[in-house]
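Below: one structure, written as structure tokens.
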Amino acid sequence: MDKIEVRSVTKVFGKNPKRGVELLNQGLTKSDILHKTGMTVGVNQASFSIKDGEIFVIMGLSGSGKSTLVRLLNRLIEPTSGTVLIDGKDVTKMNKQELRNTRRNKMSMVFQRFALFPHRTILANTEYGLEVQKIPKEERHQKAMEALELVGLKGYEDKKPGELSGGMQQRVGLARALANDADVLLMDEAFSALDPLIRKDMQDELLDLQSKMQKTIVFITHDLDEALRIGDRIVLMKDGGVVQIGTPEEILMNPANRYVEQFVEDVDVTKVFTAEHVMKRPETIEVSRGLRVAMKIMKDEGVSTVYAIDKNKKFLGILYGDEAARAAEQGLKIQDVLKQVETVRLDTLLMDMFEVISGSSVPIPVVDEEGRLRGIVKRSAIIDVMADSSEVLNGDGVTK
Amino acid sequence: MSDTYHHFIPKIEIGTWVQDAVDAFVNHTETFFTGLGNGINWFVEQLVDGFTWINPFVFIIIVAAIAFWRSGWGVAIFSLVGLWFIFDLGYWPDTMQTLGLILTAIIISIIIGIPFGIWIGLSDAAKNIITPILDFMQTMPAFVYLIPVLFLFGTGMAPGVVATVIFSMPPTIRMAGLGIRQVPEDLIEASEAFGSTTSQKLFKVQLPLAMKTIMAGINQSIMLALSMVVIASLVAAPGLGAKVYLAVTQLRLDIGVESGLAIVIIAIVLDRITQNTRKNKS
Ligand SMILES: Nc1ncnc2c1ncn2[C@@H]1O[C@H](COP(=O)(O)OP(=O)(O)OP(=O)(O)O)[C@@H](O)[C@H]1O
Ligand SMILES: [Mg+2]
């Protein structure tokens, strides 16, 4: 179900915004309009919908209209044209009271520079959204304390924002947004002001919270790594317009144009792609078929190892050619000479496989939750991905 | 020269026009302003009665305690010694009169000034209209206010208070406006994003954050009000100012020095107390 629907929303800053919209409809670009009229196009006919419960990332270079776009969702900025629907209700047509109620109950915001009230304690900051709703003191204390506990700031409620580190302050920002228990969280570069390590912690924490709470999160960033890490879907913006919308994989594998390509060029693919993306079909032997068959497969396929599985495809170990020959001489079974090796899961990131793969002379088996063999990852596959993602991916992956 | 000039071009009779306008105004509003004047007189009287009812030494201790709370030891000791000195010189009743005048003027300045300040803080249009008026109020020599004020209120404490208000209110308005405008945009945005009404935004975010600047404005107003006490004495407002005026007209250097010193001491004590230097340090 769509939680938020944005239909052809445009924002032009300047003296005669309606004229700006006309010019945009005539096909003029942001810079044309700036030169011609001096007006700035903030958002240009953006359309997309955000599903209930997803993390929707808005990404783009500085000035591409991300902040403007997210403020059009809760109408901190008035759209020049277009509609924004939240749960089917048109935000752009709401009166003051309705808009206030929407902001109080449906959408909470987390800000880049935290925007905590310096004169209020952490608790009073967290309570703010409840306080303006005139919720009784007891109740809002309790809800604010729960939110603070959720972000790991219990015990700090009487401090002032200035006494906390940046990371902690942004946790308060998050708690303030969570205390309202709104369905939608709007996060404008919420982690950009934090240093990299804390930033990663916060991303993990957000994903963790999200798995517990299932909010709809609109997350703005200009950092592709961050977008890929947390986004269920990503929209890429340029000059106020939407360039591409898709899952992280879709955006990496099929960039819509040169702009997106440039964006994804420098991305560290090993942080995005998983074993499933690069694995190949292994030569397998179902152990009951016996040593002779195994040795024939190795000979026919020209490989020195096969991957042994049972009838349920459960991975048992690796059979080496020389071990197979020894076993045949001594009259042993396949099971007796299998070598155990480390396995990885389908969703293991390439980044996390380096150690395993460098310690192994054979391709690494990939197994699913039930331990069934789903594919193997060769060292060369990872190197190829790092060299050029688009060709190796999505290829002759293994049966699902 | 001037005569031949005016033979051809009529003199712009601005002085006469203002005079006529004020006359007409006075005639129509006499009861109102007399009432207002009485009200002001009554209020100052209550304050002064209250102040003089308190034993001077108790009063001095109270002021020193406030000074300690607001600023620390140094100012507390200065207040103690300074006020005792005034008492010793025999200017206690005059000082209480002056305090009554200043306090009344400042209370009126705050009651009128803060709302106007908020208004110019929130509205560009209001700012564009009111700022020139404030400039005018501050640059017009303070003596000039005395004339219409005399017409409206006669002589005594009330016209002194009114002239003091006119002269000393601008900083309160300006700084309140400035304080409101200085509140960071993202905090305003945050308060709006959480669904605040306009008045919730004002009272929960803008005013608390502007408070320091507003206090600085009030402090400036107090200092300007003190600088008006001598001028106010020209319309027969009693107090330390009247003593200075007396000293000037009678060439009494001794009285001039003593009452002048008393004004300086009061100014320093009030300034330090309203500046709240202790908080600034931490
Ligand atoms: N209040 C405003 N008045 C005029 N122009 C504005 C205003 N706010 C934003 N703009 C313009 O709109 C465009 C989009 O700005 P916006 O802040 O949405 O970009 P952004 O993608 O959030 O950038 P950043 O990554 O730097 O935060 C920019 O060209 C900006 O100059
Ligand atoms: Mg931005």
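The values are calculated or read from the model by the stated rules, or taken from the named source; none is laboratory data. Quantities reported herein were computed from a predicted structural model and do not represent experimental measurements. Using ideal geometry, Cβ is built from the backbone for each residue, glycine included, and neighbour counts are taken over all protein chains shown. In case anyone asks, the SASA skips ligands and DNA or RNA and just uses the protein heavy atoms, side chains included. Shrake-Rupley method; radii C 1.70, N 1.55, O 1.52, S 1.80 Å.
A few points about this structure:
- The helix-only estimate of mean residue ellipticity at 222 nm for the protein assembly as shown, built from DSSP H runs of length n ≥ 4 each weighted as -39500 (n - 2.57), is -18500 deg cm²/dmol after division by the residue total.
- Only the Cβ atoms of Lys and Arg (+1) and of Asp and Glu (-1) were treated as charged; on that basis the dipole of segment A:275-393 about its Cα centre amounts to roughly 540 debye.
- Cα radius of gyration and Dmax for segment A:52-148 (Å): 15.5, 44
- Count Lys and Arg as plus one, Asp and Glu as minus one, and take only other residues whose Cβ is under 14 Å from that of A:THR348; the net charge is then -4.
- With the convex hull of its Cα atoms as the shape, segment A:275-393 has an orientation-averaged projected area of 7.4 nm².
- Nearest-20 debye value, chain B charge dipole, Cβ charges on Lys, Arg, Asp, Glu: 900
- Computed over Cα pairs, the Kirkwood radius of the protein assembly as shown leads via Stokes-Einstein (1.306 mPa s, 10 °C) to a diffusion coefficient of 49 µm² per second.
- FRET E, pair A:ASP266, B:ILE112, Förster distance 51 Å, beta-carbon r, rounded to 0.05: 0.25
- For segment B:143-282, alpha-carbon Rg over 2.2 N^0.38 Å: 1.39
- Solvent-accessible area, 1.4 Å probe, carbon plus sulfur percent, for segment A:63-153: 49
- Gyration tensor (alpha-carbon) shape descriptor, chain B, a/c threshold 1.5: oblate
- Cross-link partners of B:LYS127 among lysines (Cα-Cα below 22 Å; sequence separation of 8 or more within a chain): A:LYS15, B:LYS201, B:LYS212
- Take the accessible area of chain B alone and of chain A alone, subtract that of the pair, and you get about 1700 Å² summed over both chains, using a 1.4 Å probe.
- Remark: spin-label model distance B:ILE268-A:LYS299 equals 11.1 nm, labels positioned 7 Å along the Cα→Cβ axis.
- Rg/Rg_ref, segment A:139-257, where Rg_ref = 2.2 N^0.38 Å and atoms are Cα: 1.18
- Taking the empirical scaling 2.2 N^0.38 Å for compact globular proteins as reference, segment A:1-40 has a Cα radius of gyration ratio of 1.38.
- Nitroxide proxy distance, nm - points 7 Å out along Cα→Cβ at B:ASP124 and A:SER211: 5.0
- For the pair segment A:243-313 / segment B:162-199, the C-alpha centres are spaced 63 Å from each other.
- Ordered from largest to smallest accessible area (heavy atoms of protein chains, 1.4 Å probe), the residues A:THR247, B:THR4 come out as B:THR4, A:THR247.
- Cα-Cα separations in segment B:12-88 greater than 20 Å, expressed as whole percent: 60
- Here the 3J(HN,Hα) profile of segment A:137-148, calculated from phi with Karplus coefficients 6.51, -1.76 and 1.60 at θ = phi - 60°, is 3, 3, 5, 6, 4, 5, 5, 5, 5, 4, 5, 5 Hz, Gly and Pro shown as x.
- Remark: chain A projects, on average over all directions, an area of 24.9 nm² (convex hull of Cα atoms).
- Ellipsoid equivalent to segment A:12-82 - semi-axes via the Cα gyration tensor, in Å: 24, 12, 11
- Built amide H within the under 5 Å cut-off of A:GLY60, gap 5+: A:THR221, A:MET237
- Applying the Karplus relation 6.51 cos²θ - 1.76 cosθ + 1.60 with θ = phi - 60° to segment B:255-267 yields 3J(HN,Hα) values of 4, x, 5, 5, 5, x, 4, 4, 4, 4, 4, 4, 4 Hz, where x marks Gly and Pro.
- Cα centroid separation - segment A:91-153 against segment A:1-75, whole Å: 27
- Under 15 Å from the Cα of A:LYS238 - aspartates and glutamates, other chains or at least 8 residues apart: A:ASP32, A:ASP223, A:GLU261
- Phi angles of segment B:199-206 translate, via the Karplus equation with coefficients 6.51, -1.76, 1.60 and θ = phi - 60°, into HN-Hα couplings of 6, 4, 4, 5, 7, 9, 10, 5 Hz per residue; Gly and Pro are given as x.
- Within a straight-line Cα-Cα reach of under 28 Å, A:LYS378 can be paired with the following lysines, leaving aside sequence neighbours fewer than 8 residues apart in one chain: A:LYS271, A:LYS280, A:LYS296, A:LYS299, A:LYS311, A:LYS313, A:LYS314, A:LYS333, A:LYS339, A:LYS400.
- Added length on full extension, which subtracts the Cα-Cα distance from 0.36 nm per residue, B:ILE133 to B:THR52: 25.4 nm
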